[in-house]
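Right, one structure below, let's go through it.
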Amino acid sequence: MIEGFETLAVHAGQEADPHTGAVVPPIYAVSTYKQDGVGGLRAGYEYSRSANPTRTALEECLAAIEGGTRGLAFASGLAAEDTLLRAVCAPGDHVIIPGDAYGGTYRLFAQVLARWGLLFDPVPLHDLDAVRAAVRPETKVIWVETPTNPLLGIADIEALASIAQQAGALLVVDNTFASPYLQQPLALGADVVVHSTTKYVGGHSDVVGGALVARDRDLGDRLAYHQNAMGAVAGPFDAWLTLRGVKTLALRMERHCDNAERVVDLLLSHPRVTEVLYPGLPNHPGHEVAAKQMRRFGGMVSFRVAGGEDEAVRVCDRTKLFTLGESLGGVESLIEHPGRMTHASVAGSALEVPSDLVRLSVGIETIGDLLADLTEALRA
Ligand SMILES: *Cc1c(COP(=O)(O)O)cnc(C)c1O
C-alpha cells in the first residue's frame, strides 16, 4: 500500500490520463460537460462550479496528504474559511478564535460574520484554562492556528481537540504556517484543516488559493455541498499550479527548515538582535508542544531589533535578497515589518505586535547568500 507523504504528494489523485497517458492531469478549461442522454453524466461531471477534473485531482491529493476523507479547493484561503464557517455555524453561534489570529481571519469574523450574527472571542490558545473558560453552550467551533503569525506562538492541537470534543464543538486548524508535511492536525483530533494554499502548499508565489480537508465523511459532504452552493471554487488553472507546487512540498519544507535554522543561529549571535522567535528554540514557550506535534519547526522566523521601530524598518529596507513584501511560504525569501505592513490594521487592538519586530519567510536559496544579506542589512 502506498502511503508515504512524498509518494502521495506526487501521485494521489493523479492517475495517468486513460486516453493519452499524459502523466500530469491536464488543465480542464471547461465549464460544462456533454451528457449521454438526459442525466447521463460521464464520470460525474456536470458543471465546473460543482466539479472540474483538474480541481478534483488537487482535492484528492490534498485529502491524501492531510490524511482526511475529503479535500476541497477554493479561490483563496479566506473563501475556504467563509464557506466552512457558514456551513457549520448559524447566527447566534459562538466561535473561539486565537488571540493572535491571522489578520484576514480576524477581519472576516469582526467585519463580516459578526454582522451576520456570529459571536466570537479571541482567546490565547496556549492557555488551556482560558479556552475552557471561554466555552459556552453556543460554542460551535474552536479555531486554531499554530504556529501563529507573526509571533510564532504554539497551541496544543491534541489538548484543544479534547476540549472541543467535550464542548460538542468542531476543532478547526489553520495549518498554513506548518503545511501538511510538518504537521498533521487531523491525526491529532482536529475535525477540519484549513489552508491558504497561496503559501507553502502552492509554494511559488504564483497563485492565490485555499483549501478545506475534513476528517469525517459526513462533514466533508456538507462542506462540498456548501462549496458548490456558495461558489468560491478554485479555477482549473489555479488548481493545476497548486498541484504542481504540492509535488515538491516535502523537499521544499526540508530546505525551508534547514535555512531557517541557520538564520536563527545567525540572529541569536547578533548583537543588534534583542530576541529571536522560533518554535525550534528550547527557550520558546511552545517548544515542547511544537516538538510533539511538528516534524520540524518551519521556515518562518521573527526577531526584534535593538533601537526600536526605525531600526527594524531600516533592516527591512536594506536587504537585497530577502524581498520586502507581504505573504510567505514561497521559494524566495521575504522580509517584512508586521507593525506597518501585515499587521497595520490591528494597531491599538489586542492583536497589536511589537514595533521593533521583523518577520522573515526564509526561502530555499543558497544559505550563504541569505546569511550574507542579513549580515549586511543588520550592520550598524
Ligand atoms: C494568508 C493566510 C490566510 C488567508 O489566505 P488567502 O489565500 O490570502 O485568502 C489564512 N490564514 C493564514 C495563516 C494565512 O497566512
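The values are calculated or read from the model by the stated rules, or taken from the named source; none is laboratory data. Please read all numbers here as calculations on a predicted model, not as lab measurements. With ideal geometry, Cβ positions are generated from the backbone for all residues, glycine too; neighbour counts draw on all protein chains shown. Remember, those area values only see protein heavy atoms, side chains included, never the ligands or the DNA or RNA. Shrake-Rupley method; radii C 1.70, N 1.55, O 1.52, S 1.80 Å.
Key figures
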quantity: Protection-proxy order for peptides 44-52, 311-319, each taking the mean of Cβ atoms within 10 Å per residue, highest first; calculated: 311-319, 44-52
quantity: Local net charge near ASP356, Cβ-Cβ under 13 Å (Lys/Arg +1, Asp/Glu -1); calculated: 0
quantity: Debye intensity ratio in log₁₀ form over the Cα atoms of the chain, taken at each q of 0.08, 0.10, 0.13, 0.14 Å⁻¹; calculated: -0.41, -0.64, -1.05, -1.20
quantity: FRET efficiency, THR375 to LEU251 (Cβ-Cβ, R0 25 Å, nearest 0.05); calculated: 0.40
quantity: Length gained when the stretch ALA114-ASP218 is fully extended (0.36 nm per residue, less Cα-Cα span); calculated: 34.8 nm
quantity: By average C-beta atoms within 10 angstrom, highest first, the peptides 174-184, 350-360; calculated: 174-184, 350-360
quantity: Dipole-positive endmost among GLY37, ILE157, GLY307 within the chain (Cβ charges, Cα centre); calculated: GLY37
quantity: For segment 207-213, 3J(HN,Hα) per residue [Karplus equation, 6.51 cos²θ - 1.76 cosθ + 1.60, θ = phi - 60°, Hz, x = Gly/Pro]; calculated: 7, 9, x, x, 8, 10, 10
quantity: Per residue accessible area of segment 5-247, 1.4 Å probe, in Å²; calculated: 40
quantity: Share of pairwise Cα separations in segment 250-377, more than 24 Å, in percent; calculated: 24
quantity: Cβ-defined net charge surrounding ARG70, 15 Å radius [Lys, Arg +1; Asp, Glu -1]; calculated: -3
quantity: Amide proton proximity set for VAL273, modelled H, under 5 Å, gap of 5+; calculated: ALA306
quantity: Sulfur and carbon atoms: percent of accessible area, segment 250-377 [1.4 Å]; calculated: 52
quantity: Accessible surface ranking that places the most exposed of ARG115, ARG252, ARG296, ARG86 first, with a 1.4 angstrom probe; calculated: ARG115, ARG86, ARG296, ARG252
quantity: Protection proxy ranking, peptides 268-276, 71-79, average beta carbon neighbours within 10 Å, highest first; calculated: 71-79, 268-276
quantity: Between segment 320-380 and segment 116-136, the Cα center-to-center distance that results, in Å; calculated: 30
quantity: Rounded percent of accessible protein surface that carbon and sulfur make up, segment 5-247, 1.4 Å probe; calculated: 53
quantity: Euclidean distance between Cα centres, segment 53-83 to segment 147-206, Å; calculated: 14
quantity: Total charge dipole magnitude, the chain, about the Cα centre, Cβ charges on Lys, Arg, Asp, Glu only, Debye to nearest 20; calculated: 500
quantity: At R0 = 30 Å, FRET efficiency that the Cβ-Cβ distance of ASP265 and VAL10 yields, to 0.05; calculated: 0.40
quantity: Net charge over other residues, Cβ less than 11 angstrom from the Cβ of LEU85 (K, R count +1; D, E count -1); calculated: -1
quantity: Sites GLU326 and LYS34, calculated FRET efficiency, Cβ-Cβ separation with R0 30 Å, nearest 0.05; calculated: 0.10
quantity: Extension gain (nm, one decimal) between THR274 and GLN166, 0.36 nm per residue minus Cα-Cα; calculated: 34.7 nm
quantity: Whole-Hz ³J(HN,Hα) from phi, Karplus 6.51 cos²θ - 1.76 cosθ + 1.60, for segment 109-115, glycine and proline x; calculated: 5, 6, 9, 10, 6, 5, 5
